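In what follows, a structure is listed as structure tokens, so that the remarks can point back to it.
What follows is calculated from the coordinates using simple rules that are stated; it is not laboratory data. Everything numeric in this text was worked out from a predicted model, so none of it was measured. A quick note on method: Cβ atoms are made from the backbone with ideal geometry, for glycine too, and the neighbour counts reach across all protein chains shown.
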Amino acid sequence: MNKEFDVIIVGAGPGGSSSAYHLARAGLKVAIVDKSNFPRYKSCGGGIIARSNKYIPYDYSEVVQNYSCEALLADLTVNKEFLIEKEAPIVSMVMRDEFDHFMLKKAIEVGVVFLPEHKVTSIAKNEISLREGKNDFKLSAIYIIGADGAFGITTRVTEHYKLVTQIPALEIELKVSAEVFAKFSKTTRFDFGIVENGYGWVFPKREHLSIGVLSFTPNKFNLNALLDDYLKLLGINENNYKRHGFKIPILPQTNNFVYDNIFLIGDAAGFADPITLEGIGTSILSGKIAADAIIFAEHDVTVAKERYNALLETQLLKELRYASFLARMIYNYPRIRKLLFSHLGEVLCRQMTEIIIGNQTYSSLLTKPGNYLRLIKRLIY
Ligand SMILES: Cc1cc2nc3c(=O)[nH]c(=O)nc-3n(C[C@H](O)[C@H](O)[C@H](O)COP(=O)(O)OP(=O)(O)OC[C@H]3O[C@@H](n4cnc5c(N)ncnc54)[C@H](O)[C@@H]3O)c2cc1C
């Protein structure tokens, strides 16, 4: 087994840097390659929900732009909104260029080799081909971790992307007047009903707002027009902004996330939460799980594969399946969502906030005896 690295990680987003950090701390020889130099812009709301903090093994407060202790959830079709206030932050707001760079530096500090502006062009078993400028070369490793996002090469060569649903989202970073900023600066806001199967959001950063829209039925709606309408609805008249569109991968239809020696994590695997569509925390968690499996198995890829799939099942997939059940109720059945908001809105929003901050789970919400949501589940099935 004469390889240059134990593990090569493709992609230095939060998932890749999370894996790299844990692997290098355990003494493995790790390289992380990214087609971009860092810091680099990433289209993202940059909201790290409190539930995800436990997966980040160091203090990242130096890159937090704002903390939000208030969540406002609204359904415009039934004209209801609920404001949930907490003493501790519900969401920590980051800019992804700063946050991702910070995580990458943490990995480099513990010995990870970083190769910026190295694009992976093909993967064949233990060998990956890279292009840096006009130069092509190869690197070998026992393990390859696919952390290169929704449309990266690892999910394409494994054809895993075919098993995943892609949700299009559109986002802008918007400077607003001091008066408008003051109105939105404390609250993380989610507006359902601006589109049949989706929502709009406002995340307040240090000096600007991150605003976006997404839809589960993109073909029916023009996200650009929807975003314009959403801004009008919020009473925001600025029009000097750049739109960033991308897709969020959810609902992988498989229990297998390893192809030969390629271990898929984060967006490459399709691990975003199907309700909140947050994927920073799940990419960091899946990165750690992949590292744990590899550390446990040492150089035995078959053992690492079994371990990774098994750990994912208990630590992530079970929750995502319950979340997917709720997501269907909220996004595929607007009438049920309206009914819930009208009659159980306050309780539902409180429960959702408890899940976001990690005091409750989707599975406990749906399986606790006597829980009203369990009754709704019975009504549907
Ligand atoms: C509009 C929008 C808003 C979002 N808002 C939020 C939010 O507020 N909160 C939240 O938790 N999640 C949010 N998400 C989801 C979140 O951005 C992703 O789930 C998260 O970035 C996944 O992290 P990752 O490490 O798996 O991949 P990524 O962050 O996508 O990183 C992949 C890396 O791989 C590199 N790469 C790709 N191809 C190659 C190649 N061939 N060779 C070398 N390197 C390569 C890329 O340059 C990139 O650096 C949002 C997504 C979108 C689209």
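With n ≥ 4 as the cut-off for DSSP H runs, can you work out [θ] at 222 nm for the chain, using -39500 (n - 2.57) per run divided by the number of residues, rounded to the nearest 500? Walk me through the numbers on the way to the answer.
On the way: 12 runs with 133 residues, N = 381.
Using -39500 (n - 2.57) per qualifying helix, the result is -10500 deg cm²/dmol.
Just for the chain, what percent of DSSP beta bridges are antiparallel, to the closest 5?
Numbers: 50 of 71 bridges.
So the antiparallel bridges amount to about 70 percent of the total.
Which ordering of T121, T158 is given by a fewest-first count of other beta-carbon atoms within 10 Å? Walk me through the intermediate numbers first.
Working: T121 12, T158 21.
If I rank by nearby Cβ atoms, fewest first, I get T121, T158.
Under unit Cβ charges (Lys, Arg +1; Asp, Glu -1), what dipole magnitude, rounded to 20 debye, does the range 239-381 have relative to its Cα centre? Please list the in-between numbers first.
Values: 17 positive and 12 negative charges, 197 e Å.
Charge dipole of the range 239-381: 940 debye, to the nearest 20.
Quick one: putting +1 on the C-beta of Lys and Arg, -1 on the C-beta of Asp and Glu, what dipole do you get for the range 1-110 around its Cα centre, in Debye to the nearest 20?
Numbers: 13 positive and 14 negative charges, 90 e Å.
Using Cβ point charges on Lys, Arg, Asp and Glu, the range 1-110 gives about 440 debye.
Say the dipole of the chain comes from +1 at the beta carbon of Lys and Arg and -1 at that of Asp and Glu; which of F221, Y55, G11 then lies farthest toward its positive end?
F221
Under 8 Å for C-alpha pairs, at least 6 residues apart: give me the relative contact order for the chain, rounded to a whole percent.
21 percent
Please work out the FRET efficiency for the pair S364 and F137, using the Cβ-Cβ distance as r and a Förster radius of 45 Å; give the result to the nearest 0.05.
0.35
Report, ordered by chain and residue number, the lysines lying within cross-link reach of K42, taken as a straight Cα distance under 24 Å and ignoring same-chain residues fewer than 8 apart.
In chain and number order, the partners are K54, K105, K106, K119, K162, K175, K186, K205, K242, K247, K288.
Search the structure for amide H atoms under 5 Å from the amide H of G149, placed 1.01 Å from N in the peptide plane, and list their residues when 5 or more places away or on another chain.
D267, A268
Within a 10 angstrom radius of the beta carbon, how do D6, D260 rank from fewest other beta carbons to most? Don't skip to the end; give the middle numbers.
Working: D6 21, D260 14.
Final ranking by Cβ density, sparse to dense: D260, D6.
Report, in whole Å, the centroid distance computed from the Cα atoms of the range 187-264 and the range 73-114.
15 Å
Using the reciprocal of the averaged 1/r over all distinct C-alpha pairs, how large is the Kirkwood radius of the chain in Å?
Details: mean 1/r = 0.0468 Å⁻¹.
With all distinct Cα pairs of the chain included, I get 21.4 Å.
I need the phi-derived Karplus couplings for the range 316-328: 6.51 cos²θ - 1.76 cosθ + 1.60, θ = phi - 60°, integer Hz, Gly and Pro marked x.
Those phi angles translate into 9, 5, 4, 4, 5, 5, 5, 4, 5, 4, 5, 4, 4 Hz.
Using alpha carbons only, how many angstrom separate the centre of the range 160-185 from the centre of the range 317-332?
So the two Cα centres are separated by 22 Å.
Can you compute the charge dipole magnitude of the range 5-323 about its Cα centre, using +1 on each Lys and Arg Cβ and -1 on each Asp and Glu Cβ, nothing else charged? Give it in debye, rounded to the nearest 20.
On the way: 35 positive and 38 negative charges, 74 e Å.
Charge dipole, the range 5-323, about its Cα centre: 360 debye, nearest 20.
Rank these for me by crowding, H299, H160, going from fewest to most other beta carbons within 10 Å. Before the final figure, lay out the partial values.
On the way: H299 12, H160 23.
Listed from fewest to most nearby Cβ atoms, that is H299, H160.
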